[in-house]
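Only one structure is covered here, and it is reproduced in the block below.
The values are calculated or read from the model by the stated rules, or taken from the named source; none is laboratory data. Note that this is a predicted model, so its numbers are computed, not measured. As a convention, Cβ positions derive from the backbone with ideal geometry for all residues, glycine included, and neighbour counts pool all protein chains shown. For accessibility, only protein heavy atoms count, side chains too; no ligands or nucleic acids. Shrake-Rupley method; radii C 1.70, N 1.55, O 1.52, S 1.80 Å.
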Amino acid sequence: MSRSAHPAGPRHADVLTEGHYSAPAADLNVLDEKVWARTVTRDADGALTVGGIAVARLAEEFGTPAYFLDESDFRARCRAWAEAFGPDADVFYAGKAFLSRAVVRWLKEEGLNLDVCSGGELTTALDAGMPAERIAFHGNNKTVAEIERAVEAGVGRIVLDSFQEIVRVAHIAQRHGVRQRVQIRVTVGVEAHTHEFIATAHEDQKFGIALADGQAAEAVRRALSLDGLDLVGIHSHIGSQIFDMAGFEVSARRVVQLLTEVRDEHGIELPEIDLGGGLGIAYTSEDDPREPHEIAKALSDIVTRECEAAKLRTPRISVEPGRAIVGPTAFTLYEVGTIKPLEGLRTYVSVDGGMSDNIRTALYDAEYSVALVSRTSDAEPMLVRVVGKHCESGDIVVKDAFLPADLAPGDLIAVPATGAYCRSMASNYNHALRPPVVAVRDGEARVIVRRETEEDLLRLDVG
Ligand SMILES: *Cc1c(COP(=O)(O)O)cnc(C)c1O
């Protein structure tokens, strides 16, 4: 299971065994606060409300499918991470989880930094006024044009991912007459995923430079020799949807070992260590994520202990949560279209979206919850599979879940914890129109990313 986990972020999964599903909750009307955004509750009529607004009103005003994002929850999570790590560490929100100009402004106001990994994400960040020095630029194959824009903008750091890129960034920085602050991304030989990790010498994946065989030490040597680069630290990112801190322990130990070698060889103590993102969230009631303050304490204890043992000054720690900030803050609202009971198997519930607005189930076998939200029901639980409207039998949104047996076309159902890697990975498959993201706060709802239109589709298709 964890062998197929990808340490680089792309495998945003929790993998299920075939046919796995838990028993139905005692009361399907109860909204488990672990998986729903903080202001979500049911009103006196039994309808779900978020930020004080009932879903029927949201559906009427904004249509379905749509993502509804609880802005005060998002901001509270940013503050919790910033406070947990304190002034001597840095929190970078991983923009690939979900990025828009409104999100950039919230991050800026709440004191977070931002990771980007493409020219498009960089443009969005700069356009919304994120100071360049608070932006880190990632990626295993940044183009020359992207690097030039990042250097010109003055991004706070570029995370170097290959030997070619060390030279490429150095040349571009020199041409612009600057010394670019950089970190080197290393692969530490740890694949962490959910409750397991495996430690190996080599990692079979595309990101970073291996610690093994002195590769990373050689990368440090080259970076230190180039005038255009100001090497400030080492970066490591070990996986996604991680609940167990043991993988970080091995990773931190191996990175500190490299810092020690760098000190011994060059007489330099690199001032920063970035431990990446990948912290897990609750997609179902069975997941038990850790709070930011627990994570901060665990990571800081590990790094401090390892540095004391190596007689190194403790470097400044940074982390890069994406999913853990935005994931729980949004849900996707769908309208039920058709209901097909398959005798002895399950009931297929088709909604007006699908794999175009949530690819994670098809791509990673990810697990989600679902609830009837336009009303409550006392009907018996029925085993359902929530599927989309695409021409593809793998078009599954929620593989196994329970909904009330009196579910009917026209009911609204919602899938929680869709804030991360849903809109950002959304596609136009079957010429679907990508749904809007609506921010809800204190009784007000406003579109922050509008719904795509058929005119948008035709505008790209130049005939
Ligand atoms: C994807 C990624 C993250 C964020 O991962 P989450 O699982 O969303 O926390 C952080 N850092 C890097 C380098 C990544 O690739």
Exercise. Using alpha-carbon positions, what is the distance between the centroids of segment 431-463 and segment 384-416, in Å?
Worked result: 22 Å
Seminar exercise, completed: A chain fully extended from Arg316 to Ile198 at 0.36 nm per residue, minus the present Cα-Cα distance, gains in nm 39.8 nm
Seminar exercise, completed: Here the averaged projected area of segment 308-358, based on the convex hull of its alpha-carbon atoms and given in nm², is 8.1 nm²
Exercise. Quick one: accessible area per residue over the chain, 1.4 Å probe, rounded to a whole number of Å²?
Worked result: 41 Å²
Exercise. Classify segment 405-459: rounded, prolate or oblate, from the alpha-carbon gyration tensor (a ≥ b ≥ c, eigenvalue square roots; a/c under 1.5 rounded; otherwise prolate if a/b is larger than b/c)?
Worked result: oblate
For this session: Using only protein heavy atoms and a 1.4 Å probe, report how much of Lys340 is accessible, in Å² to the nearest 10.
Result: 130 Å²
For this session: Starting from the amide H of Leu69, placed 1.01 Å from N in the peptide plane, find each other amide H under 5 Å away whose residue is 5 or more places distant or on another chain.
Result: Val438, Ala439, Val440
For this session: Subtract the Cα-Cα distance of Ser393 and Glu291 from 0.36 nm times their separation in residues, and report this length gain in nm to one decimal.
Result: 33.0 nm
For this session: Rank by packing, highest mean first: peptides 428-438, 357-367, 306-316, with packing defined as the count of other Cβ atoms within 10 Å averaged across residues.
Result: 357-367, 428-438, 306-316
Problem set entry | Among 414-427, 39-52, the order from most to least packed when residues are scored by Cβ within 10 Å on average | 414-427, 39-52
For this session: Could you run the Karplus curve 6.51 cos²θ - 1.76 cosθ + 1.60 with θ = phi - 60° over segment 162-179 and give me ³J(HN,Hα) per residue in whole Hz, x for Gly and Pro?
Result: 7, 5, 4, 5, 4, 5, 4, 5, 4, 4, 5, 4, 4, 4, 8, x, 10, 9
Problem set entry | Potential lengthening between Asp227 and Asp88 on full extension [0.36 nm per residue; Cα-Cα distance subtracted] | 47.2 nm
For this session: Restricting things to alpha carbons, tell me how big segment 369-463 is in terms of Rg and Dmax, in Å.
Result: 16.2, 53
For this session: Report, in whole Å, the centroid distance computed from the Cα atoms of segment 70-98 and segment 251-308.
Result: 17 Å
Exercise. Of all the Cα-Cα pairs you can form in the chain, what percent are over 41 Å apart?
Worked result: 20 percent
Exercise. What list of ³J(HN,Hα) values in whole Hz, one per residue of segment 277-288 in order, does the Karplus curve 6.51 cos²θ - 1.76 cosθ + 1.60 (θ = phi - 60°) give from phi, with Gly and Pro shown as x?
Worked result: x, x, 6, x, 10, 8, 8, 9, 5, 7, 8, 10
For this session: For segment 168-210 and segment 230-245, compute the distance between their C-alpha centroids and round to whole Å.
Result: 9 Å
Exercise. Based only on Cα atoms, what Rg/Rh ratio does segment 118-255 have, Rh being taken as Kirkwood's radius?
Worked result: 1.00
For this session: Using the Cα centre as the reference, give the magnitude of the dipole from point charges on the C-beta atoms of the chain (Lys, Arg: +1; Asp, Glu: -1; all else neutral), rounded to the nearest 20 debye.
Result: 1140 debye
Exercise. Quick one: what Rg and Dmax do you get for segment 92-196 from the alpha carbons, in Å?
Worked result: 14.3, 47
Seminar exercise, completed: For Arg451, Arg77, Arg105, the accessible-area ranking with a 1.4 Å probe, largest leading, is Arg105, Arg451, Arg77
Exercise. Amide H of Met382: which non-local residues (sequence gap of 5 or more, or other chain) have their own amide H closer than 5 Å, using H built in the peptide plane?
Worked result: Leu403, Ala405
For this session: Quick one: divide the alpha-carbon radius of gyration of segment 246-285 by 2.2 N^0.38 Å and tell me what you get.
Result: 1.65
For this session: Keeping the other protein chains in place, figure out the carbon and sulfur percent of the accessible area of segment 138-321, with a 1.4 Å probe.
Result: 47 percent
Problem set entry | Rg to Rh, two decimals, where segment 225-306 supplies the alpha carbon set and Rh follows Kirkwood | 1.08
Exercise. Just from its helices, what would the mean residue ellipticity at 222 nm be for the chain, if runs of 4 or more DSSP H residues each count -39500 (n - 2.57) and the sum is divided by every residue, rounded to the nearest 500 deg cm²/dmol?
Worked result: -8500 deg cm²/dmol
Seminar exercise, completed: Given pairs Lys96/Lys399; Lys108/Lys297; Lys142/Lys399; Lys108/Lys206; Lys96/Lys311 and cut-off 29 Å on Cα-Cα distance, the over-length ones are Lys142/Lys399; Lys108/Lys206; Lys96/Lys311
